[in-house]
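Beneath this line is the structure, given in C-alpha cells, with notes to follow.
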Amino acid sequence: MNGSINNDAFFKLSYGLFVLSAKQDDKDNGCIINTVMQVTDVPKKIVFTVNKQNLTHDMIAKTKVATISILDTSAPFSVFQDFGFKSGRDTDKFADINYASRAKNNVLYLNKYANSVICVKVTDMRDLGTHTEFLAEITEALVLSENPSMTYQYYFDNVKPKPKKSKGFVCKICGYVYEGDTLPSDYICPLCKHPASDFEPIN
Ligand code: FE
C-alpha cells in the first residue's frame, strides 16, 4: 500500500546544483541539473540525470562527453537565469558569459561561482522516461575554490528572489510567478518545466 506523496519531502534530500555543459561541433551549451552522484571509486564513475527537453541532453547523448561545474554559494541568481531559464536551441547560452574556460576535453566549465569541475566520458545510458540517466567515467577533476557547495536549501533561502506580487502562485524550483487566482492542475512552469505540484500560493 502506498501512502500520500508530499513533494516537499524531496527538497529535504541534500540536492546540489550543477551546470552541466557540452560541446557538439561549434556549439557550446549548458543547463542546470540537480542530480550528480559518485557511484564507484575504482574505476571512478558518476551518474547524473538530464531532462530530455534540454538540448544539452541531446548533445551529450551524441558526443558522450560532458563537464559538470559544481555551483558554490557565491553563485548569483543570474547564473540560474543564464543556464536554467533560456533555451539552448534558440540562443548561445555562453555568448555573454565571461566566466567560462575550456577543460582538457574542450568543453566549457565555469571558472567562477563553481568550487570544482568534473569532466566525464559517458559509458552507459538508461532511459528513465522524462529523463536519461548517464553513467560516466571521470577524465579530469579540478578543485577551483574552497567555497561551500550550493544546495537547494541555500538557493531557496539566499539566492532565489522573493516574490513581490500579492497574489498568484510561485514555482518553488525557479521562482517563476504565475499571476492568477487558480493554477491549472496540468500547468507546467514555462521556465524550469516543473509541474503545478511544485508551485505554492503567494500570501
Ligand atoms: Fe519553475
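Assorted remarks:
- Per residue, the chain reaches -2500 deg cm²/dmol at 222 nm when only DSSP H runs of four or more residues are counted, each adding -39500 (n - 2.57).
- Based on C-alpha pairs under 8 angstrom that are at least 6 apart in sequence, the stretch 1-101 has a relative contact order of 29 percent.
- Bridging of Lys112 to aspartates and glutamates at a Cα separation below 15 Å is possible for Asp72, Asp82, Asp96, Glu146, once same-chain residues fewer than 8 apart are set aside.
- Here the stretch 88-128 and the stretch 146-203 have alpha carbon centers that stand 25 Å from each other.
- Using θ = phi - 60° and Karplus 6.51 cos²θ - 1.76 cosθ + 1.60, couplings along the stretch 135-144 (whole Hz; Gly, Pro as x): 9, 8, 9, 6, 10, 6, 8, 10, 9, 9
- Amide H contacts of Ala100: Asn111, each under 5 Å away and 5 or more positions distant or on a separate chain (H built 1.01 Å from N in the peptide plane; Pro and chain starts excluded).
- Mean projected area in nm² (Cα convex hull; one quarter of hull surface) for the chain: 13.0
- Exposure proxy for Ile46, Ile5, Ile33: other Cβ atoms within 10 Å of each Cβ, ordered fewest to most, give Ile5, Ile46, Ile33.
- Relative contact order of the chain, pairs being alpha-carbon contacts under 8 Å that are 6 or more residues apart, as %: 20
- For the stretch 59-65, the Karplus equation 6.51 cos²θ - 1.76 cosθ + 1.60, evaluated at θ = phi - 60°, returns couplings of 5, 6, 4, 7, 8, 6, 10 Hz by residue, with Gly and Pro reported as x.
- Among the chymotrypsin sites (Phe, Trp or Tyr not before Pro) in the stretch 6-79, none sits in a DSSP loop with a Cβ that has at most 11 other Cβ atoms within 10 Å.
- What the phi angles of the stretch 69-84 give under the Karplus curve with 6.51, -1.76 and 1.60, with θ = phi - 60°, is a coupling list of 9, 8, 5, 10, 5, 7, 5, x, 4, 4, 5, 6, 5, 5, 9, x Hz, glycine and proline written as x.
Read-outs: derived from the displayed coordinates by stated rules, not from any lab. Values in this document were obtained by computation on a predicted structure and should not be read as measured data. In this analysis, Cβ positions are derived from the backbone assuming ideal geometry, glycine residues included, and neighbour counts consider all displayed protein chains.
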